[in-house]
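Notes for the one structure printed next.
Each reported figure results from applying straightforward, stated rules to the coordinates on display, with no laboratory input. Because the structure is predicted, anything quoted here is derived from the model rather than measured. Backbone-built Cβ (ideal geometry, glycine too); neighbour counts: all protein chains shown.
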Amino acid sequence: MPTSLEEACQLLSSDPRNHVALGGCCWLRLGSRRIRKAVDLSRLGLDYIREEEGWLVLGASVPLRQMEIHPAVTGRFDGLLGRAVSSIVGVQFRNLATVGGSVYARFGFSDVITALLALDARVVFHRAGEMSLEAFLSSDGCPGDVLVEIRIPDDGRRAAYESVRRSSTDFPVLAVAVSRQGDDWRVSVGARPYAAQRSSEAEACLAQRRGAQAAGEAAAAQLRFGSNLRGSEEYRRRMAEVLVRRAAQQLEEEQG
Ligand SMILES: Cc1cc2nc3c(=O)[nH]c(=O)nc-3n(C[C@H](O)[C@H](O)[C@H](O)COP(=O)(O)OP(=O)(O)OC[C@H]3O[C@@H](n4cnc5c(N)ncnc54)[C@H](O)[C@@H]3O)c2cc1C
């Protein structure tokens, strides 16, 4: 249980393959991986939520549940972050699973990453420093490092979230987050089943006011989809068209 970020990084980087940081441990405990050293981050005080000048900042140890109930989070982006996590397993689970573990693990199915990407979030590592979430997703990751916080531009944008699931608390078959500030739109599609990605074509459609339907079609045409036990590539492509259209329509109707 290190008491400083530097100490945590030293412990992790001495053997990054076998020494792991513990988030809420919800995913880690499912596996059969042998862990030589488990580095508990709970004494680092990373469970803060801060409203800074122009930023909403979530410490890596913030439980997902806080994204549903903390007023600083629910009061922004039309409650996007709370909506994105509300179907993940159950309340007791969401009291344990952390935003840091969710981002660091870069799951393809992640509702959390899908939503954060539509808000242009940034991630801060102790050693690697700050980078966009998008850059982190396309990097080789940061083994041996500690994710410290997630920084979200607090620019007053509106946002909508849509996902389709085979049952209410299952992993998403597809997840979509759309955000808007005037004519600046962001469209993020996750669980394709690959990790969430933005659709620049859909964003351009919306910026040029070509409509939600055109944006849905553009996202379906631009992004890569795949099949797994939850859905086929073709089903996901069709759902992307529908969910992007629905999410964009909500924001068109609200802002005109
Ligand atoms: C049954 C089940 C169903 C789920 N369903 C969904 C779903 O529908 N949608 C969804 O979005 N997610 C889902 N998840 C994922 C869940 O929301 C969390 O993302 C997941 O449990 C990881 O968070 P954690 O805090 O438990 O991390 P852990 O399991 O503790 O860690 C996950 C990984 O991140 C590393 N790590 C954790 N914190 C840090 C840090 N600060 N710095 C560096 N490395 C770190 C760990 O070493 C490990 O490699 C599900 C998980 C489970 C177990």
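Here is the figure for region 121-133: residues that are buried (at least 17 other Cβ atoms within 10 Å of the Cβ) and either in a helix (DSSP H, G or I) or in contact with a helix residue (DSSP H, G or I) (Cβ under 8 Å, 6 or more places away or on another chain) (or both) total 5.
Taken over region 164-223, the residue count meeting the criterion of being within 16 Å of the ligand (Cβ to nearest atom), within 14 Å of Ala240 (Cα to Cα) and of a type outside the set (A, V, I, L, M) is 8.
Looking at Ser87, Ser102, just one residue is among the polar types (S, T, N, Q), in contact with a helix residue (DSSP H, G or I) (Cβ under 8 Å, 6 or more places away or on another chain) and not in a loop (DSSP other than H, G, I, E, B), and that residue is Ser102.
Residue-level check: of (1) more than 8 Å from the ligand (Cβ to nearest atom); (2) surrounded by 12 or more Cβ atoms within 10 Å (Cβ to Cβ), Ser4 misses just (2).
Among the residues making up region 13-63, a single one is more than 19 Å from Thr98 (Cα to Cα), in contact with a strand residue (DSSP E or B) (Cβ under 7 Å, 6 or more places away or on another chain), in contact (Cβ under 8 Å) with a residue 60 or more places away in the chain and not in a strand (DSSP E or B): Gly54. Looking across region 216-256, the residues that are within 17 Å of Ala159 (Cβ to Cβ) and among the aliphatic types (A, V, I, L, M) come down to Ala219, Leu243, Val244, Ala247, Ala248, Leu251.
A quick yes/no check of all residues on (1) surrounded by 19 or more Cβ atoms within 10 Å (Cβ to Cβ); (2) charged (D, E, K, R):
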position	(1), (2)
Gly24	yes, no
Leu30	no, no
Asp40	no, yes
Asp47	no, yes
Arg50	no, yes
Val62	yes, no
Arg65	yes, yes
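Quick grid of which residues meet (1) more than 8 Å from the ligand (Cβ to nearest atom); (2) in contact (Cβ under 8 Å) with a residue 40 or more places away in the chain; (3) closer than 30 Å to Arg36 by Cα:
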site	(1), (2), (3)
His70	yes, no, no
Phe77	yes, yes, no
Leu80	yes, yes, no
Val91	yes, no, no
Asn95	yes, no, yes
Gly101	no, yes, yes
Phe109	no, yes, yes
Val123	yes, no, yes
Pro153	yes, yes, no
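Kindly evaluate Ser86 against the criterion of being within 11 Å of the ligand (Cβ to nearest atom), hydroxyl-bearing (Ser, Thr, Tyr) and within 10 Å of the chain's Cα centre (by Cα). No; evaluated as a whole, the condition is false for this residue.
Checked against (1) part of a loop (DSSP other than H, G, I, E, B); (2) of a type outside the set (A, V, I, L, M); (3) surrounded by fewer than 24 Cβ atoms within 10 Å (Cβ to Cβ); (4) away from the ligand (no atom under 11 Å from the Cβ), Cys142 meets all criteria but (4). Residues of region 160-209 that are surrounded by fewer than 24 Cβ atoms within 10 Å (Cβ to Cβ), part of a loop (DSSP other than H, G, I, E, B) and on the phi < 0 side of the Ramachandran plot: Arg166, Ser167, Ser168, Thr169, Asp170, Phe171, Asp183, Pro193, Tyr194, Ala195, Gln208.
When region 111-120 is filtered for residues that are assigned to a helix (DSSP H, G or I), more than 6 Å from the ligand (Cβ to nearest atom) and touching a residue at least 40 places away in the same chain (Cβ under 8 Å), the ones remaining, listed by number, are Ile113, Thr114, Ala115, Leu117, Ala118.
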